[in-house]
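The values are calculated or read from the model by the stated rules, or taken from the named source; none is laboratory data. The structure presented is a predicted model; accordingly, all values stated were derived computationally and were not measured. All Cβ positions, even for glycine, are placed from backbone atoms using ideal geometry, and neighbour counts span all protein chains on display. Note: areas computed on protein heavy atoms with side chains; ligands, DNA, RNA excluded. Shrake-Rupley method; radii C 1.70, N 1.55, O 1.52, S 1.80 Å.
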Amino acid sequence: MTSRQKNDWFARILLLPLFLLIIAGCASINTPSGNEASVSSPAPAASEAPAASPAASPGAAAGQTELLVSAAASLKDALNELVPKFEAAHPDIAVNLNLGASGALQKQIEQGAPADLFISAGKKQMNALADKKLTNPELTQTLLTNDLVLIVPADSAAANVSAQDLTGSGFSKIAVGQPESVPAGMYTQQFLQHAGLWDKLMPKIVFAKDVRQVLTYVASGNVQAGFVYGSDASGEPKVKVAMKVDPSHHDPISYPAAVLAESAHPEQARAFYDYLFSQEAGDVFVKYGFKLAGK
């Protein structure tokens with residue numbers, strides 16, 4: 001080995017530890033061990049923490065007051081047209097609809113669910129809330145009335161059906177709203193009990209969660225008939241009315257509206273309540289087959 005080769009060899013020996021130290025340092029920086037605790041930024045001091053903001057509905061923009069309106073499912077089409085009209089005239093208010101069976105909505109309100117207004121398809125549910133002082137008595141009034149009808153699929157041969165006809169083989173399934181929670185179901189039960197047929201028809205009855213589900217069952221052909229409101233039938237081309245029930249054979253059908261006593265936004269709730277009784281709203285309700293109270 002020459003003198004120059006020896007010098008190169010010694011130089012490499014001396015540089016090797018330094019090279020190993022550099023590699024180890026890089027590894028410790030880029031590859032944390034599995035036992036290494038994660039590092040998080042310190043929490044801001046109380047004065048630095050961002051202020052909490054109330055949860056916003058998808059329908060409410062910043063700066064808007066959100067009204068929660070619980071309403072009978074049969075009002076769906078009419079309210080879906082009325083809400084945008086109201087919001088256009090009141091850009092600071094967003095209306096969120098909670099639609100369902102009146103009895104179910106009543107229970108929600110009794111159990112503390114937030115709501116500003118309630119529109120029921122029956123007095124029974126509204127009276128139950130009033131008895132518990134959950135409604136504003138000065139802002140409670142009957143808004144609409146309706147008719148109870150029997151509908152069949154539009155292509156059905158059934159026409160001018162009587163209550164007794166429902167016992168025949170042509171009607172194996174009849175949709176009815178749950179009487180305990182659906183006012184239309186309660187009216188239907190009263191009518192069929194008056195005719196002496198409720199118990200006899202029980203094996204044929206398919207109970208639904210609300211009147212709109214009854215409408216869907218008939219429109220789809222899953223049942224041969226169903227009891228709904230005249231307003232429901234008027235807006236569905238896949239069904240036709242086969243019988244209009246004598247209103248003297250059941251309790252009067254009424255739709256009371258009320259501002260709730262625990263409303264978080266009583267002024268805005270009053271504005272929407274007043275709008276429901278306006279001429280503009282009345283025209284829309286009539287368009288969808290409802291009748292205005294007192295007319």
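Note down the net charge around Ala61, summing +1 for each Lys or Arg and -1 for each Asp or Glu among other residues with Cβ under 14 Å from its Cβ.
-3
Within 13 Å, Cβ to Cβ, of Lys76, how many net charges do the neighbouring residues add up to if Lys/Arg are +1 and Asp/Glu are -1?
That sum, taken over residues with Cβ under 13 Å, equals -4.
I want the antiparallel fraction of DSSP beta bridges within the stretch 116-242, as a percent rounded to 5. Kindly include the intermediate steps, with their values, before the conclusion.
Working: 7 of 13 bridges.
Bridges in the stretch 116-242 are about 55 percent antiparallel.
Please list, in order along the stretch 177-186, the HN-Hα scalar couplings obtained from phi with the Karplus expression 6.51 cos²θ - 1.76 cosθ + 1.60 (θ = phi - 60°), rounded to whole Hz, x for Gly and Pro.
x, 4, x, 5, 10, 10, x, 4, x, 5
Among the trypsin sites (Lys or Arg not before Pro) within the stretch 126-207, which fall in a DSSP loop and have no more than 12 other Cβ atoms within 10 Å of their own Cβ? Can you show the working numbers first?
Details: sites: Lys132, Lys133, Lys173, Lys200, Lys204; in loops: Lys132, Lys133, Lys173.
Those that pass, being in a loop and sparsely packed, are Lys132, Lys133.
Just going by the charge dipole of the stretch 102-204, with Lys and Arg at +1 and Asp and Glu at -1 on Cβ, which of Gly185, Ile119, Asn136 is farthest out on the positive end?
The residue sitting farthest along the positive end of the dipole is Gly185.
So which chymotrypsin sites (Phe, Trp or Tyr not before Pro) in the stretch 223-295 are both in a DSSP loop and have at most 15 other Cβ atoms within 10 Å of their Cβ?
Counting only loop positions with at most 15 other Cβ atoms within 10 Å, the chymotrypsin sites (Phe, Trp or Tyr not before Pro) in the stretch 223-295 are Phe277.
If Lys and Arg each add +1 and Asp and Glu each add -1, what is the summed charge of the other residues whose beta carbon sits under 14 Å from the beta carbon of Pro252?
On the way: positive: Lys123, Lys124, Lys291; negative: Asp147, Asp246, Asp251.
Residues near Pro252 contribute 0 overall.
Keeping all protein chains in place, calculate the accessible area per residue for the stretch 171-275 (probe 1.4 angstrom), answer in Å². It would help to have the intermediate numbers written out before the result.
On the way: 4460 Å² over 105 residues.
Ligands and nucleic acids excluded, the result is 43 Å² per residue.
Compute the Cα gyration tensor for the stretch 91-148, then decide on rounded, prolate or oblate, letting a ≥ b ≥ c be the square roots of its eigenvalues: rounded whenever a/c is under 1.5, prolate when a/b is larger than b/c in the other cases, and oblate in all that remain.
Rounded, because the longest to shortest axis ratio a/c is under 1.5.
Rounded, prolate or oblate: which fits the stretch 125-189, taking a ≥ b ≥ c as square roots of the Cα gyration tensor eigenvalues, rounded meaning a/c under 1.5, else prolate when a/b beats b/c? Please report the intermediate quantities before stating the final value.
Details: a/c = 4.15, a/b = 2.65, b/c = 1.56.
Prolate.
Can you give me the long-range amide H partners of Leu144? Hydrogens built in the peptide plane at 1.01 Å from N, cutoff under 5 Å, separation of 5 or more residues or another chain.
The answer is Tyr255, Ala293.
If amide H atoms are built 1.01 Å from N in the plane of the peptide, which residues on other chains or at least 5 residues away come under 5 Å of the amide H of Phe207?
Correct list: Val176.
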